[in-house]
Structures are given as structure tokens and as C-alpha cells.
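The values are calculated or read from the model by the stated rules, or taken from the named source; none is laboratory data. The structure displayed is predicted, hence computed values, not measured ones. Cβ coordinates were reconstructed from backbone atoms using ideal geometry, including for glycine residues, and neighbour counts include every protein chain displayed. Accessible surface is based on the protein model in full, side chains and every heavy atom, while ligands, DNA and RNA are left aside. Shrake-Rupley method; radii C 1.70, N 1.55, O 1.52, S 1.80 Å.
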Amino acid sequence: MKALRNLFAPALLGVAILVIWEAACRAIPIPQVLLPAPSVIGARIATEIPLLAYDFLKTVIQAVIPGWIIGCAAGLVVALLCDRFDFLKRGLLPLGNFFSVLPLVGVAPIMVMWFGTGVAPNIAVVVIMTFFPMLVNALAGLQASSHLERDLMRSYNASWMQALTSLRLPAAMPFIFNALKINSTLAMIGAIVAEFFGTRIAGMGFRMQTGFGSMSLDLVWAEIAVAAVVGSLFYALLVLAERAVTFWHPSYRV
Amino acid sequence: MKTERGQAIPVLVICLILVVVWYLACIPMNAVVAEAKIAAAGGGFAATLTESWNHARPVIPAPHQIAADLWATVFTIAPWAKKSLLYHCWVTLSSTLVGFILGTLLGIGLAILIVHSKLLSKALMPWIIASQTIPILAIAPMIIVVLGAMGFTGLLPKALISTYLCFFPVTIGMVKGLMSPDVIHRDLMHTYNASAAETLWKLRLPASVPYLFTSLKIAIAIALTGAIVGELPTGAVAGIGARLLIGSYNGLTMMIWSALVAGSVMAASLVWLVGYAERKTLARMGVRA
Amino acid sequence: MAAAVIEARDLSLTFQTADSPVYALSKVNLTVNDGDFVSFIGPSGCGKTTLLRVIADLEQATSGSITVNGLSPHDARLARSYGYVFQAPGLFPWRTVEKNVGLPLEIMGIGDAAERVKRNLDLVNLGGFEKKFPWQLSGGMQQRVSIARALAFDPRLLLMDEPFGALDEIVRDKLNQQLLELWERTAKTVVFVTHSIPEAVFLSTKIVVMSPRPGRIIDVIETNLPRDRTLDFREAPEFLKLAHRVREGLKAGHSYED
């Protein structure tokens, strides 16, 4: 019941924006090719469901998800290695911080050059973009346990592995989920931008680009709508998983 | 980037390993394009090395080739010439900075509204979060074209992309920061019968400064990314993003790599500058870093 | 009646800081026997917590010798000879009360965990709270869980670092009474750090009065009080006499002049 009430205000705002958009499109003669009305976009979505589904498969299922999983897993593994070997941590932490602020989407043309025309360059771009946020966040998380808790582990004569599984990894979970959430957005961006450079013949980024070329803006907006819904669902799923795993964190406690 | 003691040597060692791996990787990766030249030079180990490390259009250029290209495009050409990398850097940098400033102002403004109105907070926050799950960066080139067709050209459309990306971390960070004062501090202001504006000015804003800088470091990096992607639409002529695209279409490997390095240097410098401002400001405010 | 559980001879520990060395412990000599309840009391900076951490091998002495159960502190830690209770409960928020108490059993690979967890939770009067999460309990209850956790693997030696320092006096009094009963029943050796004179006198068989700069022992008081004392005992003349002696000792150490 409370959840429903919390949804009311934002839902009202969303509907208001759509109504104003629709009204503006009808009242002022905005050229259809530039900003189609929501009703036009809705109609296009309804007629293009098979095409949109195909692009969703090509971009999200084949590139975003695998790239996101590989990138996050690799970041986590390297973070664990850094945690185990202090030398690696002291060397990689500054480099990871450095790389995580770089405009890494820029590697897209290079990946296309290296991996050719298939889905591989798109996955590679997603992996590169998601790796560093996970590395940096997971490392911060693995160091998040307090001195007291680490002293406790020491007093038990716990091994590195025992201290990792019973203390440092659970304590790192909020940080790891933070990276997973950041990366869900980055992965979508990476996969779509990579399609601008590639020579793929399907996918959301490809369709947006060709939609532009042929001035069918309603199709472009249909793809944008799909991307927005997919992105939001992806994020929402991660928030649900986060609540289930880090229920103990002060921000979720009931 | 702050360096702690005992990091210099590990960082150097790992960089060294990366460079060595890079040079080694050049040999198999450039083998295909360099094959003919290696054979022409008589084959053998020395020829393999020289050709795969010095090919004009390599699959992966060796570090010294990138350095040479950077030198040529930065120092041997007048900075205002269209062939100069500095010119393209400036094009990207200017729209990054405009977008960053607009985004920061918007973000702070939104945060102040959200902190002061429960209704606005409830109505806006979900949309602010949802706005970030839309891969806006991916549609940035289209937005540029749309805005261009509506008569907005040049720096502003790109800057608006950066603004859109920037405002989010600033809003989130500032909401946290403005809410960060302890209950006793807020109660103290209450006993003074301080107005909301006075509480904001004397308590909430000073308390939020550390949060603001943390957000600004994320915001400036993402503003640059936004500007670069904003330069990607076909027909773009200037900026780091345009260099990436032109290089990609014409197979000019070196141009791509130089643009990438230039973008990275800019990103690192901008983040460092914000970090420097952070340290100076916090030191003046008596916060121990 | 028994061999020394802890034996320190000329123990010193110096921290090197940027400006000048800090003499945290200077020439400390101490014997703790089996079944003793020993309190370290003194103002902040007198080295009482440092001494406890040296015993626990969480800090290393710079000179002198110390044995725990006849072993070096390092070997004693590897042999899992002691349970340690910190100033804060330090419970893992993602584990329930029973899982927190079972944590050392998991790490040390000790069987019959369920039975041990139940026994020790009963010992601290927390039966029925097994499935709660630490953040659903009061501060005093959390600290009792952390005592049960320290007892779970049945160490002979219990090291407690100001365990009740963060609690209010009413709760603290109650826990002091409970700790005394627990010590009676289990016959453990307890080393207890505190800065409360009544707490030290009420609980201890031996009170070690310490003083800062350099951290050192200035008095060791054997109390010889009846074992079955209650909180009322704190108004008895012997109690007041002992408290007076501790206070005089602390004064003599000029501990509160700055």
C-alpha cells in the first residue's frame, strides 16, 4: 500500500510530461521528423514489435549481457587478486582510478578494427567499460571492514580465505552492487555506441543510425523507448537483488 | 590523483610490464599487415621486429609510434590549424566545460529543491534516477542532429549532452550532502529560529562541500565523455570524437590512438584539477582530508 | 595453585611517530594466574589497551618477554587460546545472532556448533534471540552477544577491552553482575580493561593500576573479596577501602594532571 502511494507522485509527473509533449506536438507545428508526438511513437512501437525484439536480441542479449558479466567478473577477480597480493594492489589501484575516469567509449573504433564485424567488438567495448568501475569499487569494498573486525579475524587465526568469505566479501557487497548498477548503464551505452562504428546490420544503435538517415524519427524514438525501458528494468532488477543481499545495510534496515 | 607512499614502485613496475606486453603483442597482431614487408626485408627476427613496430597502418601501433604521432600533431603544427590535435582538444574541452558548469548549477539547484520539498523529492527522485538508466550517451549523436535541425548548432548542443550527464551525480551527491548535518546541528539552528535560507547558507551548504567535490570529479569525467560522443555524428568536423570517427572510417589507426590518448590526458588533468581545488577548499575550511 | 597463564617480564613497547617516540609500555612486569579476574585500570594513554593487545598478539612488544599459556603470544593466537571482546560489539550485520556466535566455530572447524551456540547464548541470558539480527538488539544485548561469541569455542582465557565502556551505567551495572556470575560458573581466566574504579574493584581478584607517559604499572592490588558478592557490596567498607587505594594510586601516577 505504501509502495503504491510512493509511486503516485512520480507517476503523475510522468503522465503530465507525456500530456504536455503530446499537446505541444499538436499545438505548435513541430515538424514530425524532428520530434514526433508520443502517440505517433506508440503507434510505431506497436507495428514494429518484431523488429524491435530482433534488435533487442542483437544488442542486449548478445552484447550487453555477456559483456557486462565478463567485465564485472574480470573486475572482481582482479580486485580479489589485488586484495591477496599487496604489491598488485599498490600498483593497480592508482592505475584503476586513472582508467576509470577516461572516456573509454573511445576504444570502440579500435575494437571494431581488431575484432571485425560480428558481435565480438561490441562485447569487447562493454567489457572494457565495465571492468574498471568494478575493480575500483570492489577494492574499496574489500577494504571497508573496520580494524576491529579484522582484529577479530586475526584473534581467530583465520586464513585469508576464511576472512575473505566471512568478513571482507560480505562487507564489500554494497560496493559491488554499486558497481553492478553503474555498469548496467555503461554496458547499454557501450554496446549501442559500438554499433555506430561497426558494420553490423541489426541492433538498437544500428537502427537508430539508419532511422536517422532515412528521417524516420518515430522509429528512432521507438528504439530509445525500448532502450529506456530495458535500462530501467535492468537497474530495477539489480536494486531488488541488492536489497535481498545487503538487507543488513543501514540504508535498507527495517 | 593522490599518490601514497609506497605506490610509485609498484605502479612503475606494472606500467613497465604493460609496455613490454604491448610491444610483444604488436608482433603477432601486426603480423598480417606486416607480412609482405617482413618478407621484402628478407625475413628473420630483426626484420619482424622493425616492421611490426613501425608499420604505417598497423592493427596496433607501438607506443613509440603513438608518441611520434602525438609529437607531430601537437608540436609541429600551429595550435589553431585544423590539423593540430590541440585545436581539436580545445573544441572538445570548451563544450565539456560549458556543459560541466551548466550541469553543476542544475544539479545543485535540483538538490536544494529536493531537500526543501517532500512532494518534489517524491515526484522528482524516481525520474532523476530513471533518467540515468536511459543510455542517453548512446543517443547523444541523434540529439545533436535534432538540435542542429532546430537551429542550435556549434558548441551548445554538445554542451547540453554534457549537462544532462553531469547533473545526475551532482544532484545525488548534493542531496546527500545537504542532508548530512547532524540532528543536533539542525536542532541548534531551530533554537535560533533560523529561516530555511539561513540554515541552508550557514549549515547545509558548508556541510555539503566534501560531497560536492566527490560528485564533481565524477561529473567532469562524464562531461568529457558526453562531449566526445556528442561529436560522433556523421559530418562532425572538429573535436576528439570527430577524430575518432574520421580515423575509424578511413582506417587511420594512428589518428584514433592519438585522439584516445589526448582524450585520456584531458580527462586525467580535469579530474586532477577538481581534486586540487577540493584539497585547497577543504584545507581552507579546516576539514582534514 | 596453578601455573601462570600470562607472564610478562620487562615488557616495553615504543611506537615510532613522526615527531617523537611514544612509550606506550615501559618495563611492565605482570603475572596472571589461572582463574584470576585481573583488571587493568588507568587514564587514557596509560597503555592498558596496548598491553591487552600485546597479550592477544595484535601488537608486538619492542623488548622484554611475555608468555601466554607458556607460549609466545603469536603461538598462543595460532593455538586459539583466548576469546577477545572489543570496545564495540563488532557483530557482523549480515549474520543473525546465532550465526555471529557460531562464526569462530566455522572458522576453527569446531563441530557441535548448534549446541555450543545455544549454551553460550543461555549463559549471557539471550536464549530466544537466535534469529534476530544484531541491529535489532539494544547496545547492551549486542555486547552480550559478542561475549557469547568470545566464549563459543571455550577458550580458557577471556580478554576484554572496555567491553561496557559505551553503555549507560544502569546497563553496565547489570552486565557487571552477570559477568561476575559467568566467571564464577565457567572458572575462566579474565583480563579486563576499564577506566571505571567501581567496575574494577567490583569484578577483580587483582587490580593493576597503570599510569601514562610512559605507560607503566604503578600498583597491583590483590582484593581477596568474597566470590558471591552482589551490587550492594559496593557500599561495604572493604569495597570503599579498595576503591580509595586505587584512586590514590591513580593520583600518585599524576595521571589526571593534564
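Couple of notes before you dig in:
- Here the protein assembly as shown is treated as an ellipsoid with the same Cα gyration tensor; its semi-axes, largest first and in whole Å, are 61, 33, 25.
- Environment charge of residue C:102, counting only residues whose C-beta is closer than 9 Å and scoring Lys/Arg +1, Asp/Glu -1: +2
- Measuring r between the beta carbons of residue A:51 and residue B:81 and using R0 = 41 Å, the FRET efficiency lands at 0.35.
- Percent of beta bridges antiparallel (DSSP, the protein assembly as shown, rounded to nearest 5): 55 percent
- For a straight C-alpha distance cut-off of 27 angstrom, the lysines reachable from residue A:89 (same-chain residues fewer than eight places away being disregarded) are A:181, B:2, B:217.
- With Cα atoms, 0 to 90° folded angle of helix C:113-123 axis to chain C main axis: 60 degrees
- Per residue, the stretch B:135-286 exposes 43 Å² of accessible surface when a 1.4 Å probe is rolled over the protein heavy atoms with every protein chain present.
- Residue C:85 long-range amide H proximity, modeled H, under 5 Å: C:159, C:160, C:161
- Inter-chain neighbour count for B:83-90: the average number of beta-carbon atoms from partner chains within 10 Å of each residue's beta-carbon is 0.
- Antiparallel DSSP beta bridges within the stretch C:159-258, as percent of all bridges there, nearest 5: 65 percent
- GNM result for chain C, Cα springs below 10 Å: residue of C:145, C:97, C:22 fluctuating most strongly: C:22
- In sequence order, the stretch C:50-65 has phi-based couplings of 4, 4, 5, 5, 5, 4, 7, 6, 8, 9, 10, 5, 8, 8, x, 10 Hz under the Karplus curve 6.51 cos²θ - 1.76 cosθ + 1.60, θ = phi - 60°, and Gly or Pro positions carry x.
- Span-like helix check, chain B: qualifying full DSSP H segments, with Cα axial length of 24 Å or more and mean Kyte-Doolittle of -0.5 or more, are B:8-29, B:85-116, B:155-178, B:205-230, B:253-284.
- Rounded if a/c under 1.5, otherwise prolate or oblate - chain A, Cα gyration tensor axes: oblate
- Residue-level accessible surface for residue C:222, protein heavy atoms, 1.4 Å, Å²: 110 Å²
- As a length-normalised measure over Cα pairs under 8 Å and 6 or more apart, the relative contact order of chain B settles at 21 percent.
- Residue with peak Gaussian network fluctuation, chain B [Cα springs, cutoff 10 Å], from B:190, B:116, B:64: B:190
- Share antiparallel - DSSP beta bridges, chain C, percent rounded to 5: 55 percent
- With contacts taken as Cα pairs under 8 Å at a separation of at least 6 residues, chain A carries a relative contact order of 25 percent.
- When you restrict to C-alpha pairs under 8 Å that are six or more residues apart and normalise by the size of the stretch C:146-234, the relative contact order lands at 25 percent.
- Label-point separation, residue A:144 to residue B:191 (7 Å along Cα→Cβ), nm: 3.6 nm
- Candidates B:63, B:181, B:126: whichever shows maximal mean-square fluctuation once chain B is modelled as a Gaussian network with Cα springs under 10 Å: B:126
- With each label modelled as a point 7 angstrom along the Cα→C-beta vector, the residue A:77-residue B:184 pair spans 5.0 nm.
- Reachable aspartates and glutamates, given that their alpha-carbon falls under 20 Å from the alpha-carbon of residue B:118 and they are not under 8 places away in the same chain: B:182, B:187, B:198
- Axial C-alpha extent at least 15 Å, average Kyte-Doolittle at least -1.0 - helices from chain A (DSSP): A:2-27, A:65-84, A:86-100, A:120-142, A:169-197, A:217-245
- Solvent-accessible area, 1.4 Å probe, carbon plus sulfur percent, for the stretch C:80-193: 52 percent
- Bins of 10 Å from zero: percent of alpha-carbon pairs in the stretch B:1-139: 10, 18, 19, 24, 16, 9, 3, 1
- Carbon and sulfur %, accessible surface of the stretch B:237-284 computed with the full protein complex present, 1.4 Å: 68 percent
- Spatially proximal lysines relative to residue C:48 (Cα-Cα < 30 Å; intrachain offsets below 8 disregarded): C:27, C:174, C:188, C:206, C:241, C:251
- Selection among A:120, A:105, A:87 by position relative to the dipole of chain A gives A:87 as farthest towards the positive end (Cβ unit charges, Cα centre).
- Pairwise label distance in nanometres, residue C:185 with residue B:237, each label 7 Å out on the Cα-Cβ vector: 8.8 nm
- Shape category assigned to chain B from the gyration tensor of Cα positions, a/c cut at 1.5: prolate
- Residues of the stretch A:175-217 whose accessible area, computed with a 1.4 Å probe over protein heavy atoms, drops by at least 40 Å² once all protein chains are present relative to their chain alone are A:185, A:189, A:196, A:197, A:212.
- Near-label residues of the stretch C:202-240 by backbone N, under 12 Å of a point 7 Å along Cα→Cβ of residue C:20: C:213-214
- Converting phi to 3J(HN,Hα) with the Karplus coefficients 6.51, -1.76 and 1.60 and the offset θ = phi - 60°, the stretch C:222-234 yields 8, 8, 6, 8, x, 6, 9, 8, 10, 4, 4, 4, 6 Hz in sequence order, with x at every glycine or proline.
- On the stretch B:144-226, 69 percent of the accessible area sits on carbon and sulfur atoms, based on a 1.4 Å probe.
- Test item: B:192-203 mean partner chain Cβ contacts at 10 Å: 0
- Under 5 Å, built H, 5+ apart or other chain: amide partners of residue C:219: C:209
- The string of couplings for the stretch C:149-156 from the Karplus curve (6.51, -1.76, 1.60, θ = phi - 60°) is 5, 5, 8, 4, 8, 6, x, 6 Hz, one whole number per residue in order, with x for Gly and Pro.
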